[in-house]
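See structure below.
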Amino acid sequence: MAGAGRRSARSRASSSRDEDDAKPNLRPPRGRGRNHTSIGTFNVDLRVLLGLSVIAFFAILFLIYNLINPIEQAQTPRVVTPFPAPKLMDLPQFQGEHKESLYWGTYRPNVYLGIRARTPRSLIAGLMWISIKDGRYVMRHVCQDSDELSKYGWEQHDGRNFGHQVIVDQDMILATSFLKSKGEDSGYGGDWAVRIDVQNHKSKGNEELSTSAHLFFYLADEDGNALNIGGDTLGIHENSLLASGSRMDIGSWQLHLKSLDDLEVHYAGFKTPHIHNLSNLVQENLGLQVRKFGRLQLPDTSDDSPNILVFQISARTPFRTDVAFISGTGLESPRLEERVGSLTGTPLTSQLKEKQREFDTKFGKSFNLVDKLDSESIVAGKAAIGNLLGGIGYFFGQSKIAISGNMNPGNHDDSILYWPAELYTAVPSRPFFPRGFLWDEGFHQLLVWRWDIHISLDIIGHWLDLMNIDGWIPREQILGAEALSKVPSDYVVQIPTNGNPPALLLALNDLVHGLKKNKFTAAESDAISSFLERAFVRLEAWFQWFNTTQSGKEVGSYYWHGRDHTTTRELNPKTLTSGLDDYPRASHPSEDERHVDLRCWMLLAADCMHSIAELFEKENKSGKEYGNTVKLLSDFEILNQMHYDDAYGTYLDFGNHTEKVRLVWKETTVGHNYATRELVREVLESPKLRLVPHIGPVSLFPFIARIIPADSRILEKQLDLISNRSILWTKFGLRSLAKTSSLYMKYNTEHDAPYWRGPIWMNMNYMILSSLHHYSRVDGPYREKTRTIYEDLRGNLIRNVVQNYHKNGFFREQYDQRNGKGKGARVFNGWTSLVLLIMAEAYPS
């Protein structure tokens, strides 16, 4: 937006001006100038006036020049300038049939059931329903932990055409199924259907809601196009048409409702651009009806030219209803009724059953769990991939970027908008984090590529296309009004000096190794090869961004930028950029820091780039440089000199550190001598440059990166740390910080509970397990010991996650190291889904 404004101003001012043509003739007129006696005084005044006019003229020219010239010279700021290379999403493989096949989907992960198209301004659909909480009616729509649903999530989802979800809200059970169909008469993207099956347990609560249910299915046009009501009365047995309309992308369309049960249907139409506030809009409308008429139903009225239509479907439970969206209805077609019929009733039942069978078959082929695990584990495994795929969303908008010079993310006045961009991505958690996170996505894609390589490439391509001219990618993508509505304003602005682990390279590295070992079909290999060839220049820029902006003082050292060295409230300044948030680093952030995890991420990046360069026989210079970097960062002796501590027997960060830091209450006076207390940091001794004595996943990154030789005693020491119950080992998984650490389970501020200071995280356990698996298959003196630890840890992780899932209905963000109970965000279908790869024993190359 800002860039566009500058461009238009520049073009308006681009016409050249000839300064000589603009100068006035300063000579007095000949002839009349000779009559001095009568107008002598006037001649003097005229000369002064002309002189002043000349000065004023040039002053105006000077002002105009200075007003115009900065606009002429000002380029779009680098930080919001796109990377100057062909976009990955412009590749032929992402056009045509592929693009159309993914047009419609359940791409609104922030709501319990939400459908949209992969286009910036879409026709969207969704489901709400009424429940009772604390004796009051409440509307369910947006995924919220405060709704306290017993269960919800996709038990099956193929990422393309089908999904089946079960929602348990007190005594109500809603099963929602989604199906896409493409026929010869369909418009662009095809048709789709939603089946809603409502059951009810015996209720101990409200009698009305124990025997009836109120659903609200809606359509909303983000472009503001008018939607048409199907008829004056919505009697589904006489006329199934609910609504119709037309759009540039799909042409004319119709929405139909079919059911064999006795349904009562009411509607309301609204005209508003604020679609993300739809829940409130419907609740206010219903509240007005209750107060005026004492009835809980929509008024059957509409604003003029509404762009939102909401249909209330009420019935006694149990009941089932089917909603069919039919595209390409512009010409009267005798097949229209047939098309509606094929997506409702018995034909829909048959198609859904067939899609369920296809899902099960593909699941077995992709992950090969037969004879490996019990049925409970397989059910949880299907939910892991189903929830991850069902949580894929499409977003469009502009990120807010901090302007260089003021990197305080809470300062909204000092930010600039990124270019308008789209993002197709999985999300970590539908209620808590329904948006894109850069390093999470790398772990997501380890699962997705094994399920559908084309979806995975599409997602990675969208992320790489967000790269700016410097090779930076914003680490958190908050695009569009719906996404913004879930994020506190202080966390919206992204800081362009801050990175995030380049975990996307985990998936890309897998693909490169798969190509070399001929693991893919010919069509898949072609798609991967063309993708990598075009992506190479962006990946190079990404690597160089890390290599220059995150490098340390010594060759081969790196540290995460962005830590707050001025904080007085944090016990240990957070390192959000590392992805490990409050994992303890040096007590006093400085440029002298060396972070061992980032060093190992850079090794992964260099190795991946070297492999791609070899694959495509890039110029020797590129391949050689990456090869040299791999050699440097994998040098065991240099690694040990920089990061190894013999007393602890492991690898540690280096920096300006003291252990003698604590949080203490301090009284302060504010306002009119008003006394208050705050928890502040107190340093009891001066820090010094040293290795930072905190053991956790960071310490094990050289082990994860497989730098340690299989016959080294240092390998045995890592195994001892992993298996030591007083340090990292629990019967539920590995702790995120050693029990012996001075900051183990310590609050970082008054309200900042321990996050990466003890609880079990699946992504780090998966990475450690991956290397245990590697070393258990490599000849060496510790092979059998490694194998035993591997099998025990794998069993503990699977057993705990599966038991939690079946007991509580959800995957969780983290697990309590003391009792194994899930904690943190519920419905965390991001990297916790890696439990499926642990079941399958599928690890990064």
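A compact table of results
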{"item": "Cα-based convex hull, segment 657-698, per residue volume (Å³, whole number)", "result": "111"}
{"item": "The chain, Cα convex hull volume normalised per residue, Å³", "result": "275"}
{"item": "Förster radius 56 Å - calculated FRET efficiency between Glu637 and Arg295, Cβ distance, rounded to 0.05", "result": "0.10"}
{"item": "Burial order of peptide ranges 579-590, 643-654 (average beta-carbon count within 10 Å, highest first)", "result": "579-590, 643-654"}
{"item": "Length added when fully stretched, Gln75-Thr346, from 0.36 nm per residue minus Cα-Cα", "result": "91.5 nm"}
{"item": "Net length gained if the chain between Asp262 and Phe520 were fully extended (0.36 nm per residue, minus Cα distance)", "result": "87.7 nm"}
{"item": "Whole-number percent relative contact order across the chain, with pairs defined as alpha carbons under 8 Å at least 6 apart", "result": "11"}
{"item": "Residue (of Ala324, Leu352, Leu296) at the positive-pole extreme of segment 289-386, dipole from beta-carbon charges", "result": "Leu296"}
{"item": "If the convex hull is drawn through the Cα atoms of segment 74-122, its volume per residue in Å³", "result": "135"}
{"item": "Segment 644-766, accessible surface, carbon-and-sulfur percent (1.4 angstrom probe)", "result": "47"}
{"item": "Rounded to the nearest 20 debye, dipole of the chain from Cβ charges on Lys, Arg, Asp, Glu", "result": "1240"}
{"item": "Average accessible surface area per residue within segment 101-354, 1.4 Å rolling probe, Å²", "result": "41"}
{"item": "Hits among lysines - C-alpha to C-alpha of Lys292 under 30 Å, sequence gap 8 or more where chains match", "result": "Lys133, Lys204, Lys271"}
{"item": "Antiparallel content of DSSP bridges confined to segment 101-354, in %, to 5", "result": "95"}
{"item": "Ordering of 516-526, 309-319, 275-285, 759-769 by packing [mean C-beta count within 10 Å, highest first]", "result": "759-769, 309-319, 275-285, 516-526"}
{"item": "Contact order normalised by residue count of segment 347-485, Cα under 8 Å, 6+ apart, percent", "result": "23"}
{"item": "Loop-resident sites, segment 127-229, for GluC sites (Glu not before Pro), counting at most 11 other Cβ within 10 Å (DSSP)", "result": "Glu148, Glu184"}
{"item": "Accessible area (Å², per residue) of segment 618-729, counting only protein heavy atoms and a probe of 1.4 Å", "result": "53"}
{"item": "Solvent-accessible area, 1.4 Å probe, carbon plus sulfur percent, for segment 101-354", "result": "47"}
{"item": "Ranked packing of 714-721, 662-669, most packed first, by mean Cβ within 10 Å", "result": "714-721, 662-669"}
{"item": "Filter on Lys99/Lys807; Lys151/Lys355; Lys717/Lys821; Lys372/Lys821; Lys400/Lys746; Lys151/Lys365 - keep pairs with C-alpha separation over 31 Å", "result": "Lys99/Lys807; Lys400/Lys746"}
{"item": "Scattering profile of segment 101-354 at q = 0.07, 0.14, 0.15 Å⁻¹ [log10 I(q)/I(0), Debye over alpha-carbon scatterers]", "result": "-0.22, -0.93, -1.09"}
{"item": "Partner aspartates and glutamates for Lys519 [C-alpha distance under 19 Å; skip if fewer than 8 residues away on the same chain]", "result": "Asp452, Asp510, Glu533, Glu614, Glu841"}
{"item": "Normalised contact order of segment 101-354, rounded percent, pairs of Cα under 8 Å and 6 or more residues apart", "result": "20"}
{"item": "Where the Cα pairs of segment 765-806 fall when distances are cut into 5 Å bins, in %", "result": "5, 25, 26, 18, 12, 7, 4, 2"}
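The values are calculated or read from the model by the stated rules, or taken from the named source; none is laboratory data. Computed from a prediction, not measured in an experiment: that's the story for all the values here. Here the Cβ is made from the backbone with ideal geometry for all residues, glycine too, and neighbour counts use every protein chain on show. Calculation scope for accessible area: heavy atoms of the full protein, side chains included, ligands and nucleic acids excluded. Shrake-Rupley method; radii C 1.70, N 1.55, O 1.52, S 1.80 Å.
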